[in-house]
Every structure is written in C-alpha cells, then in structure tokens.
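The values are calculated or read from the model by the stated rules, or taken from the named source; none is laboratory data. What you see is a predicted model, and the numbers here were worked out from it, not measured in a lab. For neighbour counting, all protein chains shown are included, and Cβ atoms are generated from backbone atoms with ideal geometry for every residue, glycine included.
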Amino acid sequence: MTGDWSAFGGVVPVLAGSPGAGASVVTAVLADAVQLLAWRVLMVDTADPVRSGLAAAPVSDGPWSAGPHPAVRIRHSWRGSALVARLETTVPVLAPEMVPPPRFWASPVGQPQVTVVDVAADLWRLAANPLDGPGAWLRQGTPCPRPILVVRATRPSLLHAEQVLHRLRVWSAVGLVTMPVALIVVGARRWPPGVVGVAGTHLTPLVDGAVFLPHDKDIAVGGVTGLVTPRRLRDAVLPLLRRWGLAAGVRRLPGVKGALS
C-alpha cells in the first residue's frame, strides 16, 4: 500500500500539530522559497474551499480538471512560477474522505521537482485513519515524503502535537505512513521557558532541530495573499531546505516585493 511519488518529485506534506498552528502559512512560505530557488513547484491545498487558508494565494486562475466525483474538481492556478492546485466543489460541506487522492492532483503542465501540500484537516481525526483523503499524502513510497509538523510555541500546542504523533506512530509501525521529519514553530524566535518540557517521547526528537518562523503582523492580520511571503520568513526555512539539498550554498533568498509574477 505504499505510494509511487515519482510524478510529484519531493513531496512535503505540511501538518498542523494543533488547531490554528499555521500550516497554511508554512506551506506558502516553503513554496515561495523553493520557487525562488528556481525549482519547479506544485502547491497543493486540500482544504474545503470555504475554510482554506490559501484561498487568496494564487495570483491568476487557470483551468480545472475533474476529480473522482462530479461535485468535486481541482482548479490549477499560478502563484508566480509555482502551480497551485486547490479544490472546487458544489457540495456545502466537504468531508475529509471526499478529498481526491493524490493522483488527481498531478500537474497538467509538467512534472514538479517539489510538491508542498497543505494537509488541511483536523490531524487528530485524520490520524485515526490516515490512508484516505488528505492523509494519503503521508503514505510511505518512493521517493519518501518529508512531512513537516507545525506547532505554536505553547504548552497546549505541544501537548496536542504529542498526542497526534502517538496516534500516527501506530500506522508508521506497520509501514503505511511516514512520520514527520521536521518541526516548524510559528510565531516565535525561540522556545519560551517551560514549554519544551511538555514534549513527550514522540515529539522530543524533533525539538532540538526545530525551525522558528517569526511573527509577521501583516500575515497575522491578512493571511496568505497573492503577495510574496516576507523575506525573513523565507530565510527562516533556508536551514531546512539546505538540509534537504534544495538550497546548497544559499545564504539568503532574493528580495522580492509585491505579487509573484
């Protein structure tokens, strides 16, 4: 039941370890950083359209393609040179199991080198059965996905994340899903005193190598738009991209303002 990810390049699922952690922001920051490094990027938004944190992310809309059901289809749009794939549906509420499996999200304009996925679902519920819907992006396969867990620098957020990882570990132990390999902390520059101590067995290995995404007041107020994400946020994820061989020798990303074109 492992996946063939060759049509997507390197797959980076982004998971919110707790409610409101900021997974959509991290998805946009990663996609912007990678495309500015001249990699071909596919950004996947699995959220119900009315609840998407990336609804305003595309700069220009493109065509849509059919999904597994007549009421669900995928719109392909552009954010600079990154292709954005997001859901469109005529049903009032889109249940997680109605989200099309990964094969429906493949790029119609050439194979990406990196696919960044906003796994927009309640991760606690998803971890109960992560093999369908948005959880399908966690399937082990070739090349192996690199899931990122997103948290806030708070005790409740880390406690939530620890329980989620405990639930996912059951599926990982039988070779079905890939556990998060990196931790991104949104809205902070360092761990506040007394927070890291609540990390349990599953979260502790990710804590020391955590990447901190500092607070940005414009994104905090306005969310992700068609404007390029701030340079200091993109620079914050560079160590992670270097670790994965996507930014070798790069110290800072190009300064870009306004909409990606």
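For the range 188-199: of the residues being under 23 Å from the mean Cα position of the chain (by Cα) and surrounded by fewer than 16 Cβ atoms within 10 Å (Cβ to Cβ), which is nearest to Ala220 (Cα to Cα)?
Among those residues, the one meeting the criterion is Arg189.
For the list (1) of a type outside the set (A, V, I, L, M, F, W, C); (2) modelled with pLDDT of 95 or more; (3) surrounded by fewer than 20 Cβ atoms within 10 Å (Cβ to Cβ), I need the number of the one condition that Thr178 fails.
Going through (1) of a type outside the set (A, V, I, L, M, F, W, C); (2) modelled with pLDDT of 95 or more; (3) surrounded by fewer than 20 Cβ atoms within 10 Å (Cβ to Cβ) one by one, Thr178 breaks only (3).
So that you can scan it fast, the table gives a plain yes or no per residue for (1) at pLDDT below 90; (2) aliphatic (A, V, I, L, M):
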position: Ala55; (1), (2): no, yes
position: Pro58; (1), (2): no, no
position: Pro92; (1), (2): yes, no
position: Pro101; (1), (2): no, no
position: Gln111; (1), (2): no, no
position: Asp118; (1), (2): no, no
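Would you tally the residues in the range 55-106 being within 19 Å of the chain's Cα centre (by Cα), crowded, with 19+ Cβ neighbours inside 10 Å and assigned to a strand (DSSP E or B)?
10
I'd like to check something: does the range 39-54 contain any residue that is out of contact with any Ser or Thr (no Cβ under 8 Å at 6 or more places or on another chain), in contact (Cβ under 8 Å) with a residue 60 or more places away in the chain and within 23 Å of Leu238 (Cβ to Cβ)?
Checked against the condition, which is being out of contact with any Ser or Thr (no Cβ under 8 Å at 6 or more places or on another chain), in contact (Cβ under 8 Å) with a residue 60 or more places away in the chain and within 23 Å of Leu238 (Cβ to Cβ), the range 39-54 yields at least one hit.
What are the pairs with Cβ atoms under 7 angstrom where one residue, in the range 201-212, is touching a residue at least 12 places away in the same chain (Cβ under 8 Å) and the other, located anywhere, is in a loop (DSSP other than H, G, I, E, B) and surrounded by 15 or more Cβ atoms within 10 Å (Cβ to Cβ)? Sequence gap at least six, or different chains.
Leu206/Pro180; Val207/Ala199; Val211/Val237; Phe212/Ala188
Select from the range 137-156 the residues that are within 15 Å of Ala7 (Cα to Cα) and part of a strand (DSSP E or B) and list them in ascending order.
Answer for the range 137-156, where residues must be within 15 Å of Ala7 (Cα to Cα) and part of a strand (DSSP E or B): Arg139, Gly141, Thr142.
Identify the residue in the range 212-261 that is more than 22 Å from Ser81 (Cα to Cα), charged (D, E, K, R) and within 19 Å of the chain's Cα centre (by Cα) and, among all such residues, is surrounded by the most Cβ atoms within 10 Å (Cβ to Cβ).
Checked the range 212-261; the qualifying residue surrounded by the most Cβ atoms within 10 Å (Cβ to Cβ) is Asp216.
Against the definition (touching a residue at least 40 places away in the same chain (Cβ under 8 Å), within 14 Å of Gly67 (Cβ to Cβ) and buried (at least 24 other Cβ atoms within 10 Å of the Cβ)), how does Val116 come out, yes or no?
no
Please find, among Arg252, Arg242, the residue that is of a type in the set (D, E, K, R), in a loop (DSSP other than H, G, I, E, B) and without any contact (Cβ under 8 Å) to a residue 24 or more places away in the chain.
Arg252
Among (1) hydrophobic (A, V, I, L, M, F, W, C); (2) at pLDDT 95 or above; (3) touching a helix residue (DSSP H, G or I) at 6+ places or on another chain (Cβ under 8 Å); (4) assigned to a loop (DSSP other than H, G, I, E, B), where does Leu131 come up short?
(2) is the only condition that Leu131 fails.
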